[in-house]
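The values are calculated or read from the model by the stated rules, or taken from the named source; none is laboratory data. Quick caveat, the model's predicted, so the values are computed rather than measured. FYI the Cβ positions are ideal-geometry reconstructions off the backbone, even for glycines, and counts take in every protein chain you see. What goes into the accessible areas is simple: the full protein's heavy atoms, side chains included, and nothing from ligands, DNA or RNA. Shrake-Rupley method; radii C 1.70, N 1.55, O 1.52, S 1.80 Å.
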Amino acid sequence: MPTRRCDARHLQTQAWSLLVGCCLLGCSESDLAGVGPEFALPGPPSLAGVMPLTRPEGLDRQKVALGKDLFNDTRLSADGSIACSSCHDVAAGGDDGRPTAIGIGGRVGPLNTPTVFNSSLNVAQFWDGRASSLEEQIDQTVQSPLELGADWTTIEKRLRADRAMRKRFEAVFGTEPDAQTVKSAIAEYLRALITVDAPFDRYLAGDRSAMGADAVEGYELFSRLGCISCHQGRNLGGNFFQRIGVMGDFFAKRGRAPSEADLGRFNVTGREEDRYKFKVPSLRNVAQTAPYFHDGSGETLEDAVRMMVDVQLGRPVRDDEIRKLVAFLEALTGEVDEALL
Amino acid sequence: MTSAAKRMGSVKGPLAIAIGMLLLMVFLLVMSNRTGQRTFELAKQQLDSVEAVNVRMDGALFMSLFELQIDFDLLARLQAEMRTAGEELASVLPESGQTVLPLIERKLEAVEAFKSNQAIFRNSRAIAGQLIAELWQRPEVRVGESDRILFDVERAMLDFVGRRDAESSQRLVAALERAASARVPLTELEEWHALVEHAETLIDYTNRLGAVLASEVFYQFPVVLYEEGRRLAQGLAVSVAKAGLYRSLLFVVGVLLLAFSAAMVIRVRRYLHMMERYNDVLEDRVRERTEQLASVNEALRSEIAEREHVEAQLRIAQKLEAIGQLASGIAHEINTPTQYVSDNVSFLSSVWRDLEPVLDDYERIAREEGEKGKRSRELLERANVSFVREEVPRALEQAAAGLRQIGAIVAAMRNFSHPGGIGLQEGNLNAAIESTVIVARNQWKHVAELTVDLDPNLPLVPCNLSAVNQALLNLVVNAVHAIESSKREGELGRIRISSRSFDDHVEIAVEDDGPGVPAEIQDRIFDPFFTTKEIGKGTGQGLAISHRIVHKMHGGTLTYEPVRGRPGARFVIRLPLARRESSIEPQASYLEAAAG
């Protein structure tokens with residue numbers, strides 16, 4: 001009697017939910033909605049709780065438009081040569097396609113450029129999570145000598161000399177352009193850059209034809225093999241930090257000894273346990289953001305999957321499983337509003 | 001006035017006190033809002049929200065730990081919320097932020113550590129399970145005691161995953177060691193190696209998870225938040241108490257100010273009232289003095305007027321008396337020569353009558369006597385005797401007439417100025433009218449045509465003729481003045497004097513065609529000193545004297561009657577024929593009557 005069994009489980013779930021809800025007080029019903037019926041069984045985590053991404057709401061459109069223009073404004077770099085968009089090409093995955101970033105004057109940074117897409121969903125910004133907000137991240141990126149290398153005084157001066165800009169800032173913030181308002185506008189733009197309608201999102205929404213058979217199988221493998229242990233949540237990652245090489249030596253496999261940048265979150269917290277820890281990147285739009293890893297050492301998606309299986313899962317995985325995982329990952333590519341591109 | 005002003009000046013002191021109190025109130029009001037009450041309230045609010053986020057976070061951790069919640073989205077969101085709440089608390093009350101922010105950082109670090117350890121534990125547990133399942137499928141499991149070894153390891157693994165304690169971890173390690181020492185083909189498999197690694201990882205990360213969950217911050221956090229909350233509540237209580245004190249003081253000062261203001265208002269009102277009273281008294285005095293002055297002035301004026309009028313009367317009386325005496329004297333002086341001229345004229349007339357026949361004879365003889373009479377004829381011719389004979393009687397007649405006129409004038413003058421005065425005697429009023437007309441001729445002849453319409457059957461009337469003359473003269477003069485005031489130069493007015501007799505009285509009317517008397521002053525025209533004439537011209541006595549003469553001396557009436565249909569005035573004297581002794585003052589002369 002499968003129906004009855006389901007009912008019983010459902011009741012059980014509800015009872016648990018009630019109990020837990022009473023205990024936790026702060027947890028709303030929607031938080032509990034993601035709890036699957038498998039809660040009691042010690043098995044592989046599933047994607048049952050994954051929610052499709054939805055278009056952001058409640059954003060100031062004028063502010064977003066201003067942020068977009070600032071994002072593309074080379075006046076934000078010291079020598080006026082590059083803009084945010086120079087490395088974060090929103091037309092191509094929101095990153096630069098290079099192993100590591102190139103800032104003003106061709107200065108090469110130590111880390112791979114993360115995508116700006118869905119970055120607002122991350123628990124923190126940068127690979128090491130040193131910025132807890134988008135505004136903080138913009139502040140650092142703009143002033144980093146390896147990136148835009150500018151200073152706010154110069155930027156403010158440049159923007160204030162631009163009458164049209166002044167007017168737009170006046171309209172949005174009621175003040176002249178300054179560091180705080182520039183950051184606020186760009187952050188608003190970044191918050192707008194949520195990719196939606198990926199095949200996986202459509203699949204989750206009930207469109208079973210949205211993903212191919214390989215991708216669907218890849219989704220199950222993603223869950224069963226353990227990828228989902230870290231790449232979970234609606235952004236499939238991005239919400240915590242994890243050591244690279246839990247079950248293997250990433251740097252040995254990479255063939256290059258760890259540098260300072262490879263220390264990851266250790267550089268931020270100084271805690272031994274944070275050594276080689278990085279923010280688990282979101283796998284959304286992952287097919288567009290090659291090369292991979294914090295150092296850009298994973299050239300292709302398959303390479304990256306193999307590396308991850310080796311150093312994070314610590315289990316043998318067949319080639320066809322790799323192929324299906326890649327097929328699934330390719331189904332994670334969504335779209336942003338064309339007006340934002 | 002001066003004392004009132006002084007008192008008003010003394011209001012300045014109390015006013016300064018009132019302003020001082022008002023300033024004190026403002027100070028207290030400001031102070032009552034600056035006790036930090038709002039800051040404490042806001043901080044408490046933020047602390048509460050930190051606490052709320054913390055409770056939710058612990059709940060989310062619990063759910064994650066027991067895998068009720070698979071993903072870390074909720075935890076990540078709560079981390080952001082807690083950081084925001086902490087920063088807001090720090091911005092409201094930095095000292096609170098100093099206490100709470102480091103704690104939040106530690107908590108967030110613990111949560112991060114939990115997340116990554118939990119992910120690995122969960123992952124390894126799942127993979128280990130799968131690996132065991134896969135190993136059971138391998139043929140190597142049937143070699144020797146391989147199945148027992150795998151069973152042991154599986155049981156130890158499940159035991160450990162369920163208990164997660166040191167004992168079960170030791171048993172798992174022991175099972176793995178036993179398996180390793182067994183040296184069966186099963187333990188050479190890749191999956192077995194992976195299983196061992198995951199088992200070690202499980203033990204490792206269970207320890208790490210345990211360390212994280214045993215972290216002080218999890219139980220410190222609520223304690224610190226509670227203590228901080230209590231501190232904030234105390235601060236709030238203190239600030240509320242302070243604010244309450246300030247407000248109480250504010251209230252007290254406010255009440256004092258109100259009372260003070262009321263007292264001030266009462267005082268000011270009293271001052272104002274006093275000033276009003278001073279003012280009233282002053283005004284009364286001024287009015288009194290003004291009235292006194294006015295009445296004194298009035299008295300003086302009437303005194304002066306009276307004096308002037310008395311003097312004028314005296315002058316008139318003296319003038320009239322002088323004129324009377326003079327007229328009487330002149331009349332006498334003229335009368336005497338006139339008498340003998342008259343006698344001589346009548347002598348010459350009778351002589352001429354006697355001489356006429358003599359002349360007739362002489363002419364006749366002269367004509368008859370031829371040559372002899374020639375000389376006589378020449379004489380007659382030269383003397384123009386025929387003309388003389390014609391003219392002399394006429395000349396004599398004219399002389400006699402002239403003399404008679406002189407006689408009449410003199411008689412009239414004597415008549416008019418006759419002092420009379422002793423009672424009333426039968427008098428011919430027509431004659432009186434005529435003499436008045438003659439006497440006043442000089443007055444009216446260039447101003448008006450005067451006609452007299454006398455009743456020939458007018459009886460003699462008991463009267464004082466000279467007084468009646470005076471009254472008539474006044475009326476005529478009055479008429480003349482009235483006409484003068486209204487007629488143009490060269491234009492003659494009309495005056496008509498008439499007499500009529502009735503059964504018991506006679507009536508003399510003087511009419512003119514002047515402007516008449518306006519109705520509003522008709523009842524005042526007989527008052528002494530009343531005049532409409534320009535100053536200096538009239539004394540205002542004429543009609544009054546006439547009135548007294550007629551009424552008091554003769555018991556008659558003098559009335560004004562408007563002329564109907566045309567402008568003009570008509571004054572009528574009515575004198576009774578039968579004397580009524582009682583109302584007459586027999587001894588009163590017209591002068592006495594005039595002097596009133």
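If the condition is being under 17 Å from residue B:52 (Cβ atoms) and open to solvent by less than 40 Å² (accessible area, probe 1.4 Å), then the range B:224-247 contributes B:224, B:225, B:228, B:229, B:232. Taking the criterion of being touching a Lys or Arg at 6+ places or on another chain (Cβ under 7 Å) and among the charged types (D, E, K, R), the residues of the range A:192-229 that qualify are A:214, A:217.
Residues of the range A:267-275 include none that is more than 14 Å from chain B (Cβ to nearest Cβ) and outside any helix (DSSP H, G or I). Taking the stated definitions as given, is residue A:332 away from chain B (no Cβ under 14 Å) and part of a helix (DSSP H, G or I)? So residue A:332 fails the test. If you filter the range A:305-329 down to residues that are within 14 Å of chain B (Cβ to nearest Cβ) and of a type in the set (Lys, Arg), you find that the one that is surrounded by the fewest Cβ atoms within 10 Å (Cβ to Cβ) is A:318. Considering each residue of the range B:582-592 in turn, none proves to be surrounded by fewer than 20 Cβ atoms within 10 Å (Cβ to Cβ), at pLDDT 85 or above and out of contact with any strand residue (DSSP E or B) (no Cβ under 9 Å at 6 or more places or on another chain).
For the range A:216-253, a residue qualifies if it is touching an Asp or Glu at 6+ places or on another chain (Cβ under 7 Å) and more than 24 Å from residue B:67 (Cβ to Cβ), and the qualifying residues are A:248, A:251, A:253.
Within the range B:54-65, being open to solvent by 10 Å² or more (accessible area, probe 1.4 Å) and at the interface with chain A (Cβ under 8 Å from one of its Cβ atoms) holds for B:55, B:56, B:58, B:62. Restricting the range B:120-170 to residues that are outside any helix (DSSP H, G or I) and not basic (Lys, Arg) leaves a set whose member that is nearest to the other protein chains (Cβ to nearest Cβ) is B:165.
Could you run through the range A:203-212 and say how many residues are open to solvent by less than 70 Å² (accessible area, probe 1.4 Å) and either under 21 Å from the mean Cα position of the chain (by Cα) or aliphatic (A, V, I, L, M) (or both)? Give the derivation first.
Initial filter on the range A:203-212 (open to solvent by less than 70 Å² (accessible area, probe 1.4 Å)): A:203-204, A:206-207, A:210-212.
When the remaining residues are screened for being either under 21 Å from the mean Cα position of the chain (by Cα) or aliphatic (A, V, I, L, M) (or both), the result is A:203-204, A:210-211.
Count: 4.
If you go through the range A:62-82 and keep only what is of a type in the set (D, E, K, R), under 24 Å from the mean Cα position of the chain (by Cα) and not in a helix (DSSP H, G or I), you end up with just A:73. If you check A:260, A:217 for being farther than 23 Å from residue A:126 by Cβ, in contact (Cβ under 8 Å) with a residue 12 or more places away in the chain and among the acidic types (Asp, Glu), only one passes: A:217. Would you confirm whether any residue within the range B:394-414 is of a type outside the set (Lys, Arg), open to solvent by 70 Å² or more (accessible area, probe 1.4 Å) and under 30 Å from residue B:482 (Cβ atoms)? Yes, because at least one residue in the range B:394-414 is of a type outside the set (Lys, Arg), open to solvent by 70 Å² or more (accessible area, probe 1.4 Å) and under 30 Å from residue B:482 (Cβ atoms). Taking the range B:1-119 as the region of interest, the helices (runs of 4 or more DSSP H) fully inside it that hold 3 or more residues being at pLDDT 90 or above are B:12-32, B:37-65, B:73-92.
Of the listed requirements (1) buried (at least 18 other Cβ atoms within 10 Å of the Cβ); (2) within 16 Å of the chain's Cα centre (by Cα), residue A:130 misses just one: (1).
Matching residues to (1) in contact (Cβ under 8 Å) with a residue 12 or more places away in the chain; (2) buried (at least 21 other Cβ atoms within 10 Å of the Cβ); (3) in contact with a Phe, Trp or Tyr (Cβ under 7 Å, 6 or more places away or on another chain); (4) assigned to a helix (DSSP H, G or I):
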position: B:178; (1), (2), (3), (4): yes, no, no, yes
position: B:181; (1), (2), (3), (4): no, no, no, yes
position: B:187; (1), (2), (3), (4): yes, yes, no, yes
position: B:195; (1), (2), (3), (4): yes, yes, no, yes
position: B:212; (1), (2), (3), (4): yes, yes, yes, yes
position: B:220; (1), (2), (3), (4): yes, no, no, yes
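In the range A:133-147, of all residues being within 12 Å of chain B (Cβ to nearest Cβ) and either outside any helix (DSSP H, G or I) or over 14 Å from residue A:67 (Cβ atoms) (or both), the one that is most open to solvent (accessible area, probe 1.4 Å) corresponds to A:136.
Conditions (1) within 18 Å of residue B:221 (Cα to Cα); (2) in the same structural domain as residue B:208 (by TED's automatic domain parsing); (3) among the basic types (Lys, Arg), marked per residue:
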| site | (1), (2), (3) |
| --- | --- |
| B:44 | yes, yes, yes |
| B:58 | yes, yes, no |
| B:65 | no, yes, no |
| B:72 | no, yes, no |
| B:78 | yes, yes, no |
| B:90 | yes, yes, no |
| B:141 | no, yes, no |
| B:148 | no, yes, yes |
